[in-house]
Structure formats: C-alpha cells, structure tokens
Amino acid sequence: MGLSGKDRAFNSNKVSYLDFKQIEMDRVLTALFARLAHNGFPSRLKRRFDLSVEAFVDEFLEHPEWFTGFSQHREILERWVETHLMDVVNRGKSNQAVAAPRPLHGFTYRFRNPKYSRDYGAAQHIYETLYHARKDAGQGAIEQLNRFFFQGHDKVTGRSDGAAVLDVETQALLRLTEQVEDAPDARGGRDSFTPLCIGAADLLAEDIKRLLFYERHIPRSVMVDYLKVLFAFHLSLYHLRLLKLLPDLVKRKGADPICASTSCPMDPRSATNPHGDCPYRVGLVVDVAGQPDTASARLAIRSADVHYRRIPPFVKAYFTFKKLDEFAESLIKTGKLHRPKGTAMGVGEVLQLLEPLHKDERSKFFGARVYGLVQDSAGQTETDIDPELRAVLDLKLSEFDTYVEMLVALRGNFHRQYITECIDSLLMKNRPGALIAQGRTRGAPRRFVFDSRLLEVLLQIAVLRQDTPTGPFYTGELRIEGLLTWLRQRYGLHIDCLPRGDGFGASSIEDRAALRENTAAFIARLREVGFYRDLSDAYVSQTVTPRYRIEPLIGSGIGPGDGHGGTP
C-alpha cells in the first residue's frame, strides 16, 4: 500500500540531523566546509565551468603561469587530477562523474556536485553539535577547523595568500576558487537544536582541539585523514548512544534531568572519569587482533549484537517522537497549545504530550490518522484491510499506540535496514579506521574491532597533557594500564575487561582468558604503529610513547592549537 507523506515522515532534526543512509566521510567533510564558511548555513554556488576532469585540466592549461610543465604533459595531468585531486563516482564507467575534489582545503565545497556528493545531513549534525557544546569549547573547535581548512586564503581580500606553504594539490584547488560565485543559502533558515547528548558535543569539541594541536607537526593530507576518522568515530558513538537514549526518554514521557546541559555529568577534561555517572554511556568490547573464530572475537560479536538489536526499539521510539511532534504543531496552530513565537519545542517537551492531560486531543488527532491508514489500505470490503493493520487493530490499543504500531508494521523493516547501513558506514565497516568488521559471507556476524588507523588517531589524542584546563598542551608518556582505562572511560572501548551492562554481566574464567589475549594483541598493535616502549618485562614499565615530543612552554601563554615547539 502507498502511504501518504504525513504517514511516511520519519526524520527529525531535533533527534538527529542524519537522513539514515550510507555515508562517505569525504563528502561529509566537503559539505562541512560550506557550513564552516557560512556560519552554519549551506552554500549557493554559480560556477563558470563544468564539473568534469577535462574541465579542470583545461582550466589549468589555460594558465601556464600557475604550474610549470603542466602544458607539456596533458595525459599525466589528467591522470593526476582524476586520481589525486578528485573524488570520482562510477570510476572507469561510461557514467563516470566528479563528486567533488578531495577535501584537502575548505574551498573544495565550491566544486561539489550535489547530485553525487550527498552527505545526508552528517555535516550539519557535526556543525550543530559543535555549536552547542558547553563552555564555548565548540566555538573554539569551529574556529580551529576554519583556520586549518581555509589556510592559504586571506579573508580580508577574499584571495589566495601567496605566503602560505601548501602542497601542490591544495594550491591547484585554490587557483580555481575565483571562478565560483559563493553565498550562504539562508532561504530556509537554519535548524539549530541542542543535541540530546550534550556531553557528546563536549567530547567531540575537546578531541578536535587536541588533534589540531598537531597541525604543524603532521602533514596536511594525513591530518585530513585523521579528522575524517575522528568525525566518523564520534558520529557512530553518538548514534549508538542514541539507540539507548531515545527509547528511554519515550518511556519517561519526557527528558531525563541528568541530560540537561547544567547537570550532565560528562566532562571530557576529567582525568579520572570523563563520563561521570552517565546512565547512557555505551560499552563496546573490541577485538584488537581482528581474527574471527577466537574467544575475544566472540565477545566482540556478542557486544555488537547487543547494540544492533537496539535498532528496532529505536525505530519505534523515533516514530513515537516524530508523530507527537506533528501533534504538537497541530495543537499550536489551533491555539490549543501556547508557545512563545519563534521557539520550538524540545524533545522532552514533545514527549510530555504522552501524559493523560492531552488524552482527548491525542485520541481525536490520531484516531483520524488511523482511519486514514485503514481507508487507504482497504479494498471493496472491510476484509480487504492489510493483514498487518488488521493484526494491530485486533490489539485494541489506544488511537496513538495503534497508529505508531501500524507505522512500525508497515515501515519498521525499511528504516531498520537503512539505519543499520548508516551505522555500518559510520563505524567504517571493513575499511581503514574501522570500529566494526563483518565477514563477506551471507549472514556473517558483525564484531567490534580496533583498526590501526583509528588507534593511531586516538593515541595522538591520548598522549597530550595539560597542567591546567586552559594551559598549553604538550606530549608525555602513558602507561599501558592508564591507556586502557582512558579508552574505556572516555569512549567506552573495552579491551581488558567487560562493560557493566550492555549485554554483559560478571566475567567467567573463559572471558578473562580471552581478555588477557586481547590485551596482549593490543600491546602488539601498539608496537606495530610505533607508540610502544618496553623497558623490561615488568608491566608497570610498559609505556606508550608520543610520536612527536613536544615540550610545554612554561609561562608562554601559548594555548592549544598554536603548534608550539617540539620535534618528532
């Protein structure tokens, strides 16, 4: 049966900005650049040339003063542009097209092909999450991202800054920015809602600040890859937490007071327990060795299964909130619910409409919706009603519960599939930076893993120190035991022990043996990525050493991200 638009509507920016689809982080970063450039708004562009490899090559060749030797080697130039400069879809096929240049510089968004470079709301989610982070941490992170990605551009003149030292790929893109007319697209306004988990916003801002501290020590292309991995990691953790949080809020019929910005216990700068006593923290048992059919792999499979099984209840909770939000809009329009002009109801306020006070209005509104669904599905006689709808009607639930159950019956599997694919993509399944892996055979189980690329990014963050919350960063050694605790408390990544809850209870003898093997595999992985030093067989002497030794500048007043001193 075909559902009407009001019945099919599912997504809400108040819960998540994502349109749950498979997400590519290159395209997320490109779309984020536009929002960074326009203070949260997307862009409106007018270009003077087509987005194709040939058009880019022709533009370069028309200006031999830009790069020496390009005109003598057109074929090599075409291959370089296609393989190093452009994100190409349907590569090698007749319908090959440029999605966008690789996100090496902020202005790559000016050459984005919206048809092939969709971010499905992920860029907006990142920007608004940072925008609402507490204690101005998010604003600082936004400023640092602007400075890093728009390097080489003079904001006063609007032209390229010739004094900036940039790689040839970035310089090539900057040469073309003047060919595009750019303005913020503010026609539809800007949706900006406080994230359901404000602590996750704080943590993302803190990690960006820490990672960009290395911008003068790490090659630009490597730093861009680090940021892509970091953004995907935080998006995935946020939405795994959301799978747990939203159904609980629906049960509460309102917000949890502990999640308010002033009472949220999460503090990413806490050295002892960044998550505090957060009841919605998630625990992931990760298989570090990455070998299937081992004891640690079975624990990681069990952990992944627990989190993915939360998707169906999440779909139902999402439908519950979305339809209540539509009910709230109807009440406001008819004057039955008063609201200050220009303000939107938050998730907690909307869920309070489940209280008995609104029972009569709720019954009228959703009774009409149920009647419409039944009529749309019915044929010539009452017996022609869709069997799934008939089964729901037979339950004799309230009008609102009946409507939600009907939507879940008709659309639940559809949304479950897309949310699963979206979370897989955010967890970088089977790719560099992966937090999850799955065999190629049909029906193979998922298991949480710890890819070396992700480990490297988190290690760069872990070895940074601050003597005071506002003092300069510097690098220092970290004991293995301390690192394992840090990963567990900061991100919920469990390597040497099982999480409390999230599908696990007390560990058995077999579990402890598997965790010891997992810890040994973790130490071996640290050695592989070059962060490990073993002075003796004693466990306390096994340390993580920074890749870049950066000393604190006492009394200098240099803050985070200034890239002061130090040698690799």
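The values are calculated or read from the model by the stated rules, or taken from the named source; none is laboratory data. These numbers were taken from a predicted model, which means no experiment stands behind them. Cβ: placed from backbone, ideal geometry, glycine included. Neighbour counts: every protein chain shown.
Every residue in segment 252-268 that is in a loop (DSSP other than H, G, I, E, B) and under 19 Å from residue 134 (Cβ atoms), please.
Keep residues of segment 252-268 that are in a loop (DSSP other than H, G, I, E, B), which gives 253-256, 260-268.
Selection gives 255, 256, 260, 261, 262, 263, 264, 265, 266, 267, 268.
State all residues of segment 363-375 that are of a type in the set (D, E, K, R) and surrounded by 15 or more Cβ atoms within 10 Å (Cβ to Cβ); if no residue qualifies, say none. If you could, list the steps in order and put the result at the bottom.
The initial filter retains those residues of segment 363-375 that are of a type in the set (D, E, K, R), namely 364, 369.
If the condition is that a residue be of a type in the set (D, E, K, R) and surrounded by 15 or more Cβ atoms within 10 Å (Cβ to Cβ), then 369 is the only one that fits.
For segment 527-541, what are the residues that are under 36 Å from the mean Cα position of the chain (by Cα), of a type in the set (A, V, I, L, M) and at pLDDT below 75?
Within segment 527-541, 540 is the sole residue that qualifies.
Just the residues that are at pLDDT 95 or above and of a type in the set (Ser, Thr, Tyr), please, taken from segment 13-58.
16, 17
Within segment 328-343, does at least one residue satisfy the condition of being under 30 Å from residue 208 (Cβ atoms) and surrounded by fewer than 18 Cβ atoms within 10 Å (Cβ to Cβ)? Working first, answer last.
Going through segment 328-343, the residues under 30 Å from residue 208 (Cβ atoms) turn out to be 343.
Filter once more, keeping what is surrounded by fewer than 18 Cβ atoms within 10 Å (Cβ to Cβ): 343.
Scanning segment 328-343, I find at least one residue that is under 30 Å from residue 208 (Cβ atoms) and surrounded by fewer than 18 Cβ atoms within 10 Å (Cβ to Cβ), so the answer is yes.
Determine, yes or no, whether residue 503 is of a type outside the set (S, T, N, Q) and in contact with a helix residue (DSSP H, G or I) (Cβ under 8 Å, 6 or more places away or on another chain).
On the way: of a type outside the set (S, T, N, Q): yes; in contact with a helix residue (DSSP H, G or I) (Cβ under 8 Å, 6 or more places away or on another chain): yes.
When the stated conditions are applied, residue 503 passes them.
Might you let me know whether segment 249-260 holds any residue that is closer than 19 Å to residue 138 by Cα and either surrounded by fewer than 22 Cβ atoms within 10 Å (Cβ to Cβ) or free of Cβ contacts under 8 Å to residues at least 24 places away in the same chain (or both)?
yes
Considering every residue within segment 381-395, establish whether at least one is under 27 Å from residue 419 (Cβ atoms) and touching a Phe, Trp or Tyr at 6+ places or on another chain (Cβ under 7 Å).
No; the residues of segment 381-395 include none that is under 27 Å from residue 419 (Cβ atoms) and touching a Phe, Trp or Tyr at 6+ places or on another chain (Cβ under 7 Å).
Could you look through segment 333-357, keep only residues that are assigned to a loop (DSSP other than H, G, I, E, B) and basic (Lys, Arg), and pick out the one that is farthest from residue 260 (Cα to Cα)?
Pass one, segment 333-357, residues assigned to a loop (DSSP other than H, G, I, E, B): 334-346, 355.
Then keep just the ones that are basic (Lys, Arg); that gives 336, 339, 341.
Values: 336: 27, 339: 21, 341: 23 Å.
Taking the candidates together, the pick is 336.
Only one of 360, 305 is exposed (fewer than 15 other Cβ atoms within 10 Å of the Cβ), touching a residue at least 60 places away in the same chain (Cβ under 8 Å) and assigned to a helix (DSSP H, G or I); which?
305
Residues in segment 404-427: is at least one within 26 Å of residue 212 (Cα to Cα) and not hydrophobic (A, V, I, L, M, F, W, C)?
Yes, the conditions are met somewhere in segment 404-427.
Would you check if residue 81 is more than 24 Å from residue 426 (Cα to Cα) and buried (at least 19 other Cβ atoms within 10 Å of the Cβ)?
Details: more than 24 Å from residue 426 (Cα to Cα): yes; buried (at least 19 other Cβ atoms within 10 Å of the Cβ): yes.
It is true that residue 81 is more than 24 Å from residue 426 (Cα to Cα) and buried (at least 19 other Cβ atoms within 10 Å of the Cβ).
Find the residue count for segment 186-230, including only residues that are among the hydroxyl-bearing types (Ser, Thr, Tyr), within 23 Å of residue 261 (Cβ to Cβ) and modelled with pLDDT of 95 or more.
Of all residues in segment 186-230, those among the hydroxyl-bearing types (Ser, Thr, Tyr) come to 192, 194, 214, 221, 226.
Then keep just the ones that are within 23 Å of residue 261 (Cβ to Cβ); that gives 192, 194.
If we keep only those that are modelled with pLDDT of 95 or more too, we end up with none.
Here the count works out to 0.
Considering segment 72-101 alone, what residues qualify as being under 19 Å from residue 112 (Cα atoms), touching a helix residue (DSSP H, G or I) at 6+ places or on another chain (Cβ under 8 Å) and hydrophobic (A, V, I, L, M, F, W, C)?
Of everything in segment 72-101, those that are under 19 Å from residue 112 (Cα atoms), touching a helix residue (DSSP H, G or I) at 6+ places or on another chain (Cβ under 8 Å) and hydrophobic (A, V, I, L, M, F, W, C) turn out to be 81, 85, 86, 88, 98, 99, 100.
For segment 1-10, which positions are in a loop (DSSP other than H, G, I, E, B) and either without any contact (Cβ under 8 Å) to a residue 24 or more places away in the chain or surrounded by fewer than 16 Cβ atoms within 10 Å (Cβ to Cβ) (or both)? Reasoning before the result, please.
Quick first cut of segment 1-10, residues in a loop (DSSP other than H, G, I, E, B) only: 1-4, 9-10.
1, 2, 4, 9, listed by residue number.
Does residue 249 satisfy being in a helix (DSSP H, G or I), out of contact with any Pro (no Cβ under 9 Å at 6 or more places or on another chain) and farther than 30 Å from residue 547 by Cβ?
Values: in a helix (DSSP H, G or I): yes; out of contact with any Pro (no Cβ under 9 Å at 6 or more places or on another chain): yes; farther than 30 Å from residue 547 by Cβ: yes.
Judged against the criteria, residue 249 is a match.
Select the helices (runs of 4 or more DSSP H) contained entirely in segment 367-469, then report the ones holding at least 3 residues which are among the β-branched types (Val, Ile, Thr) and outside the structural domain of residue 499 (by TED's automatic domain parsing). Please lay out each step first, then the result.
Numbers: elements: 387-393, 399-426, 452-462.
Where helices (runs of 4 or more DSSP H) fall fully within segment 367-469 and carry at least 3 residues being among the β-branched types (Val, Ile, Thr) and outside the structural domain of residue 499 (by TED's automatic domain parsing), they are 399-426.
Looking only at segment 269-294, which residues are at pLDDT 85 or above, assigned to a loop (DSSP other than H, G, I, E, B) and surrounded by 15 or more Cβ atoms within 10 Å (Cβ to Cβ)? Walk me through how you get there before you give the answer.
Of the residues in segment 269-294, the ones at pLDDT 85 or above are 278-294.
Applying the additional criterion that residues be assigned to a loop (DSSP other than H, G, I, E, B) yields 278-283, 286, 288-294.
Selection gives 278, 280, 281, 282, 283, 286, 288, 289, 290, 292, 294.
Kindly indicate which of 559, 563 is at positive phi and either modelled with pLDDT under 55 or not β-branched (Val, Ile, Thr) (or both). Even if it seems obvious, please write down each step before you answer.
Working: 559 fails: at positive phi.
Only one candidate passes the filter, namely 563.
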